[in-house]
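Let me begin by presenting the structure, written as structure tokens, before commenting on it.
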Amino acid sequence: DFIIPVSEPELRLFTNKNISYIGDGKLILASFQARKVGFDKLVTAEFLKSEGLPFPLTFDVNEINEIVKFPVILKSRTGSGSSNISIVRDKESLDFIKKRNPNFIVQEYLDDKNGEYTCGLFRCKKGDIKTIIIKRELMGSQTGYGEIINNPVIDLLLHEIAKKLNLNGSINVQLRITSKGPVVFEINPRFSSTIRFRHLLGFKDLEWSIEDELNFPIPNYINNTIGRKIYKGFNEYID
């Protein structure tokens, strides 16, 4: 009855071709505008700016010749994960990477001394919004450690993003807290790698997405997990 894509290349294809079914199977996806905004990091920054929300200064790498302040972030405009992200501290490095990656963007470096946060954000058809905020540390490109926190300022920002996007479904918002307050640097319009953690903590956005498609009532969510910590690891065994 339903197909739940989680691979970003597939999700981009479905978005570009505006596909919502494969055969008789309905795709469980975040709403179209959320995907169009989130899958292009330059468009993400422009969306935040146009809606009066905190945003990192972001430019097409081909349209900027002078950097006022280093370091800056260079990353793929459309890529996912952290494998194509570089912290650039001087013009020589910028020019080197720029020549080899014409599809990159240059983004303001957001200091992480106050931490980095990954946030689950769900909004159903009726407009009810649910959030979970995780202060995290990365292990490779995924969350290796995190703590569930309560931050009313971040929560208010997440609600504003959901409304401005006219969101239906589940997305992941990544941000850092700067001197300007929380600043979003990525919106990932898909089920993220913390989905299992969230589910175990009662934030069951995958179940809610299916229930919403079936026009079932969405259960109440009470976040009683503040302070809980999450860890991700793996083992290899040889016998």
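Taking all pairs of different Cα atoms in the chain, averaging 1/r and flipping that mean, what Kirkwood radius in angstroms comes out?
Working: mean 1/r = 0.0530 Å⁻¹.
Averaging 1/r across every pair of different Cα atoms and inverting gives 18.9 Å.
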Review point. Want the number for residue 16 to residue 179: 0.36 nm per residue separation, take away the alpha-carbon distance, what's left?
Key: 55.0 nm
Practice item. Please give the solvent-accessible surface of residue 12 in Å², to the nearest 10, using a probe radius of 1.4 Å with every protein chain present. Key: 40 Å²
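Using the Cα gyration tensor of region 44-88, with a ≥ b ≥ c the square roots of its eigenvalues, what is the shape: rounded (a/c below 1.5), prolate (a/b larger than b/c) or oblate (neither)? Don't skip to the answer; put the middle values down first.
Values: a/c = 1.81, a/b = 1.20, b/c = 1.51.
Judged from the Cα gyration tensor, region 44-88 comes out oblate (a/c at least 1.5, b/c at or above a/b).
Under the Kirkwood approximation applied to all pairs of distinct alpha-carbon atoms, what is the hydrodynamic radius of region 190-239 in Å? Don't skip to the end; give the middle numbers.
Values: mean 1/r = 0.0760 Å⁻¹.
About 13.2 Å for region 190-239.
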Check your understanding: If each of residue 97 and residue 211 carries a label point 7 Å out from its Cα toward its Cβ, how far apart are those two points in nm?
Key -> 4.3 nm
Review point. Long-range amide H contacts for residue 3: which residues qualify at under 5 Å (H placed 1.01 Å from N, peptide plane, sequence gap of 5 or more or a different chain)?
Key: 26, 27, 28
Review point. Where the Cα atoms of region 10-123 are projected onto their three principal axes, how long is each span, largest first, in whole Å?
Key: 53, 32, 25
Review point. Roughly speaking, what is the stretch gain from residue 85 to residue 57, that is 0.36 nm per residue apart minus the C-alpha to C-alpha distance, in nm to one decimal?
Key: 8.5 nm
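For the chain, which whole percent of the accessible surface, found with a 1.4 angstrom probe, sits on carbon and sulfur atoms?
Values: 6450 of 13030 Å².
That share works out to 50 percent.
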Revision key, fill the gap. Spelling it out for residue 116: with amide H atoms placed in the peptide plane at 1.01 Å from N, the residues 5 or more places away or on another chain with amide H under 5 Å from its amide H are 136
Review point. Taking every pair of alpha-carbon atoms in region 135-178, what share in percent sits in each 5 Å bin, from 0 to the bin with the longest distance?
Key: 5, 16, 26, 22, 18, 11, 1
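Within 10 Å of each candidate Cβ there may be at most 15 other Cβ atoms; applying that plus a DSSP loop requirement, which chymotrypsin sites (Phe, Trp or Tyr not before Pro) in region 163-211 survive?
Numbers: sites: 185, 191, 197, 203, 208; in loops: 191, 203.
Qualifying residues, ordered by number: none.
The values are calculated or read from the model by the stated rules, or taken from the named source; none is laboratory data. All values reported here derive from a predicted model rather than from experimental measurement. All Cβ positions, even for glycine, are placed from backbone atoms using ideal geometry, and neighbour counts span all protein chains on display. The protein model used for the area step is the full one, side chains on, heavy atoms only, and it has no ligands, DNA or RNA in it. Shrake-Rupley method; radii C 1.70, N 1.55, O 1.52, S 1.80 Å.
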